[in-house]
Amino acid sequence: MAGNDDKIRQRAYELWEQSGKKGSEMDFWLQAEKEIAERDSAPVPPQDRLE
C-alpha cells in the first residue's frame with residue numbers, strides 16, 4: 001500500500017500545481033486516488049504473440 005500512497009501523493013501534488021496551487025488537499029488526494037485506482041484496474045491489452 002505504501003507504493004500506492006507514494007503514487008497518489010505524487011499525482012495529488014501534480015494536480016495541486018496544475019491548479020495554480022489553490023484548492024483543498026483532500027480534493028487533490030481523492031482525485032489522485034481515483035485516477036490511480038482506475039489506471040491500476042484498467043485491462044492490460046494482450047501482447048502480440050509470434051507463433
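The values are calculated or read from the model by the stated rules, or taken from the named source; none is laboratory data. Remember, it's a predicted structure, so these values are computed and weren't measured experimentally. Counting neighbours? That spans all protein chains shown, and the Cβs are built from the backbone with ideal geometry, glycine included.
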| What number goes with the only condition from (1) at pLDDT 95 or above; (2) part of a loop (DSSP other than H, G, I, E, B) that GLU51 does not pass? | (1)
| query | Just for the stretch 7-32: of the residues that are surrounded by 11 or more Cβ atoms within 10 Å (Cβ to Cβ) and of a type in the set (D, E, K, R), which one is farthest from the chain's Cα centre (by Cα)? | reply | ASP27
